[in-house]
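My questions all concern the structure below.
The values are calculated or read from the model by the stated rules, or taken from the named source; none is laboratory data. As the structure is a prediction and not an experimental result, all values here were calculated from the model. Ideal geometry is used to build each Cβ from the backbone, glycine not excepted, and the neighbour counts take in all protein chains shown. Just so you know, the surface numbers come from the protein's heavy atoms only, side chains and all, with ligands and any DNA or RNA stripped out. Shrake-Rupley method; radii C 1.70, N 1.55, O 1.52, S 1.80 Å.
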Amino acid sequence: MTDLPCRENPATFYTATQEARATAKAACAGCPARPNCLRTAIDNDERWGIWGGLDPNERWQLTHHDRTWIDYRGTVRQPCGTDKSLKRHRALNEKCDTCVKAQAERAEAGVRERLAKEHAKGGTFYGFSLHHQLGEEPCEACRAGQGAASDAGRKTRRARLAAA
């Protein structure tokens, strides 16, 4: 079996460029050793190169169903859209729109949860500011709560001035 594509040009099977990986995968397509090669890579948790026509991430996904993946360094990464994944992206100066969008959605959900608590109190000054944080017009109850807080603040300031 010396005529295997990986033995003719092994560097092609261990490169990070998309073009070389596509070439390696195409070369694996007709290889008679492909099934055994893939089994060997999976059994040995091989995290580098194209083995049996699959890259490390594709091999990982065959055996793990938790949405984790393997990056080009061979490191297991958390699924995109999680806080852990976003922190890792930031540590590596990577941009991931999926993670950023998921974080924004979680933040908005947290603000909406706090707003619901303020609404349960009948609307408050804090609820008024949460509406603005969400980029929306405050409801009547929160507008009234803001007005009441402003009135109370003015009365306190007037009382201090009168006492001085």
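Could you say which residue among Asp45, Asp66, Asp3 is under 24 Å from Cys99 (Cα atoms), among the charged types (D, E, K, R) and open to solvent by 60 Å² or more (accessible area, probe 1.4 Å)?
Numbers: Asp45 fails: under 24 Å from Cys99 (Cα atoms); Asp3 fails: under 24 Å from Cys99 (Cα atoms).
Exactly one of Asp45, Asp66, Asp3 is under 24 Å from Cys99 (Cα atoms), among the charged types (D, E, K, R) and open to solvent by 60 Å² or more (accessible area, probe 1.4 Å), namely Asp66.
Taking Asp45, is it assigned to a loop (DSSP other than H, G, I, E, B), under 19 Å from Asp71 (Cα atoms) and acidic (Asp, Glu)? Don't jump to the end; show me each part of the working.
Working: assigned to a loop (DSSP other than H, G, I, E, B): yes; under 19 Å from Asp71 (Cα atoms): yes; acidic (Asp, Glu): yes.
Criteria met by Asp45.
Which ones in the range 13-35 are farther than 21 Å from Arg73 by Cβ and either of a type in the set (Gly, Ala, Ser) or exposed (fewer than 12 other Cβ atoms within 10 Å of the Cβ) (or both)? Show your work before the answer.
Initially, the range 13-35 is screened for residues farther than 21 Å from Arg73 by Cβ, giving 23, 26-35.
Within the range 13-35, Ala26, Ala27, Ala29, Gly30, Pro32, Ala33, Pro35 meet the criteria.
Taking the conditions exactly as written (touching a strand residue (DSSP E or B) at 6+ places or on another chain (Cβ under 7 Å) and farther than 27 Å from Arg88 by Cα), does Leu4 satisfy them or not? Step through it out loud before you land on a result.
Working: touching a strand residue (DSSP E or B) at 6+ places or on another chain (Cβ under 7 Å): no; farther than 27 Å from Arg88 by Cα: yes.
No.
Any idea which of Ala16, Ala109, Ala33 is aliphatic (A, V, I, L, M) and free of Cβ contacts under 8 Å to residues at least 24 places away in the same chain?
Values: Ala16 fails: free of Cβ contacts under 8 Å to residues at least 24 places away in the same chain; Ala33 fails: free of Cβ contacts under 8 Å to residues at least 24 places away in the same chain.
Going through Ala16, Ala109, Ala33 in turn, just one is aliphatic (A, V, I, L, M) and free of Cβ contacts under 8 Å to residues at least 24 places away in the same chain: Ala109.
Next up: Residues in the range 130-164 that are open to solvent by less than 50 Å² (accessible area, probe 1.4 Å) and under 17 Å from Arg114 (Cβ atoms): how many?
Count: 10.
Does Pro10 satisfy the criteria of being farther than 23 Å from Thr98 by Cβ, surrounded by 16 or more Cβ atoms within 10 Å (Cβ to Cβ) and modelled with pLDDT under 85?
Details: farther than 23 Å from Thr98 by Cβ: yes; surrounded by 16 or more Cβ atoms within 10 Å (Cβ to Cβ): no; modelled with pLDDT under 85: yes.
No: the conditions fail for Pro10.
May I pose another question? For Ala102, indicate whether it is open to solvent by less than 60 Å² (accessible area, probe 1.4 Å), of a type in the set (A, V, I, L, M), part of a helix (DSSP H, G or I) and under 30 Å from Arg47 (Cβ atoms). If you could, list the steps in order and put the result at the bottom.
Numbers: open to solvent by less than 60 Å² (accessible area, probe 1.4 Å): yes; of a type in the set (A, V, I, L, M): yes; part of a helix (DSSP H, G or I): yes; under 30 Å from Arg47 (Cβ atoms): yes.
Yes: the conditions hold for Ala102.
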